[in-house]
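See below for the structure under consideration.
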Amino acid sequence: MSLHDLLVAPFAYEFMRRGLLAAALLGVSGGLLGCVLVLRRLALMGDALSHSLLPGIAAAWLLFGTSTTALFFGGLVAGLLTALGSALLSRLTRVKEDAAFGSLFIVFFGAGVALISKLPTRISLADFLFGNVLGVGPDGLLLAAVVCAVTVAAFVIFFRSILLETFDPVFHRATGGRGGLVHMAFLTLTVLNLVAAMQTMGVVLSLGLFLLPAVSAYLWCDRFRSMLVLSVVLAVAGSWVGILLSFHAGLASGAAVVLCLGAVFLASVLLSPKYGALAALRRGHRPRRFT
Amino acid sequence: MRRALHRAGLALLLLGGGRLAAAPLRVVTLSTVLTEVAAAVGGDAVAVAGLVRPGVDPHTFNPSPADVRAMVDADLVLASGLDLEGYLDRLVAGAGPRGRVVAVGDRMPDILALPRAGGPPERDPHWWQSIGNVAVAAEVVRAELTRERPAQAPLFQRNADTYRAQLAGLQAWAAAEVARLPAGRRELVTSHDAFGYFARDFGFTVHPVSGLSTEAEADGRHMADLVDLIRRDRIGAVFIESSVNPSLVENLVRETGVRLGGTLYADGLGPPGSDADTYAAMYRHNVAAIVGALLPR
């Protein structure tokens, strides 16, 4: 098999080009947002969010049928209520944000399951919202491009606020930053990205893109800026290699990308010269105690 | 007076008892097709409750507690079988239904099996896509109902004969329709692998986007092969299914310019009021869509 067959020929197909482009675009925003999620200990937010969309999808189906646009906005509203609701709860009560998120998402999920059991028909609604990277159409690609552009613009314009709010929210507030607002805006952006990603590419791939590149980059970088760059590069490269792997090995496409990103993560965990497991053993260090 | 009352009470008791004996047999089904078959064969002598409602994807159906209770209390449970209801064995073992649980699909002659790497072949559960199999199902249901209510045997026999006569009419119509298609155009590209029995009966080749279950996921190589196949064999149309996300098939349409032949009912009847709310209507819808879209023009 020539290099051309291996790397270029698969993209003679339109659906492969569109899928790669959508994954790369959402990989850029997922790589960026993932870094903040990892640093703010909100890494499990994506997983929780994917469940919390259910009542929104069910309500949208009830009102508008299987229109993709309606399902998207239904999921978006439910996701925003969960994310912003838990941010609000963590500020108004003694409950920490992760606990508030965990509680709200499971309540939303339960409400969704209950609502669906009452629907006159029980087609698999999630199947209609959650897409496949091989099934990306022009609409999905447009959505990915818009969401990616908004995310990159937000990071460029508000980089200082994001940086401060991520590493030192107390200092940020003390210097007149509007931490709450920045955090809410960040959560809104994340929900928008995740819902768009799940709709265009499915749950597995979305969760992978929004976590694995960032956590891998975290093991190699000491500076926020370089972590962001490496995370984006890994997300885009992982999408490209994974989609090729899906093509040549006949693997489910979303899973193939996640496995590639997972291999990068495992390699980083083992081999990172500063923070990797092997380096720690070589230095004779015992694993750090959890404090 | 007291004696009169006594007598009236006794009469009421007898009447009530008599009505109990004639109470309709409670049949619970897990398949929209079997709901129709049981109601047709049983007539007034049975009360049929279909737990998998029309339009529901049976691959992803999960029984609710109320569904489980209905199954446990039923005199007879009719399941599709052929491993479509993965929860059935656990349910039977756990909840201990009072009546018999019959996996109707397991009684079919000539079950299609697809070889599977590193395991036993996977049986194709979509038996109702063959009209002949539904006639077999009517006979299975007749035998089961007769076993429960031997006194009603003639009624069940009459009803089953009537239903099978309708199926024979449907078969003749479908065969005449498909005969309009040249053999070279009998290629069926669909969302998932649900039309194996239809293909066997009418000489089609099926090219599904994903596997036997709607849950199986497609890969890039397979999609590319389908694109090549559609171009090489100049396939006339591709089809989406009522309970599957159409995005993958829509991408085949965008890529090759092939016509979208319409929506097929793969996994059972459509909701009431749709053009597929009976078995015959569903089958006519599918055959008309397939033949209409694949006819050379």
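Bear in mind these aren't lab numbers, they're just calculated from the coordinates by the rules spelled out. Predicted model, so just to flag it, every value in this text is computed and none were measured. Positions of Cβ are generated from backbone atoms using ideal geometry, with glycine treated the same way; all protein chains shown enter the neighbour counts.
Brief remarks follow.
- DSSP beta bridge pairing in the protein assembly as shown, given as percent antiparallel to the nearest 5: 10 percent
- Taking amide H as placed 1.01 Å from N in the peptide plane, B:E241 has its amide H under 5 Å from the amide H of B:S191, B:L264, each at least 5 places away in sequence or on another chain.
- Whether region B:18-174 is rounded, prolate or oblate, judged on the alpha carbon gyration tensor where a/c under 1.5 counts as rounded: oblate
- Along the axis of the charge dipole computed for region B:194-249 (Cβ charges of +1 for Lys and Arg, -1 for Asp and Glu, origin at the Cα centre), the listed residues B:H222, B:S242, B:F204 are led at the positive end by B:F204.
- Between the helical axis of B:247-256 and the longest alpha-carbon principal axis of chain B there is an angle of about 30 degrees.
- Under the membrane-span-like helix rule (DSSP H runs whose alpha carbons stretch at least 20 Å along the helix axis, mean Kyte-Doolittle hydropathy -1.0 or higher), chain A yields A:14-39, A:68-92, A:97-118, A:138-157, A:179-201, A:224-249, A:253-271.
- DSSP beta bridges in chain B [antiparallel fraction, %, rounded to 5]: 10 percent
- log10 of Debye I(q)/I(0), alpha-carbon scatterers only, for region B:182-294 at 0.23 Å⁻¹: -1.42
- Square roots of 5 times each gyration tensor eigenvalue, C-alpha, the protein assembly as shown, largest first, Å: 52, 33, 20
- Rounded to two decimals, the Cα radius of gyration of chain B over 2.2 N^0.38 Å is 1.18.
- Global geometry of chain A, whether rounded, prolate or oblate, following the gyration tensor of its Cα atoms and the 1.5 cut on a/c: oblate
- Residue mean of other protein chain beta carbons inside 10 Å, A:249-256: 4
- Chain A - charge dipole about Cα centre, Lys and Arg +1 at Cβ, Asp and Glu -1, debye rounded to 20: 1120 debye
- Radius of gyration over Kirkwood radius for region B:169-218, both on Cα atoms: the Rg/Rh ratio is 1.05.
- Residue-averaged beta-carbon neighbours from other chains (10 angstrom radius) around A:13-23: 3
- Average silhouette area of region A:169-276, convex hull of alpha-carbon atoms, in square nanometres: 8.0 nm²
- Take each residue of peptide B:240-252, count the partner chain Cβ atoms within 10 Å of its Cβ, and average: the result is 5.
- Kirkwood Rh, Cα atoms: Rg over Rh of region A:13-112: 1.06
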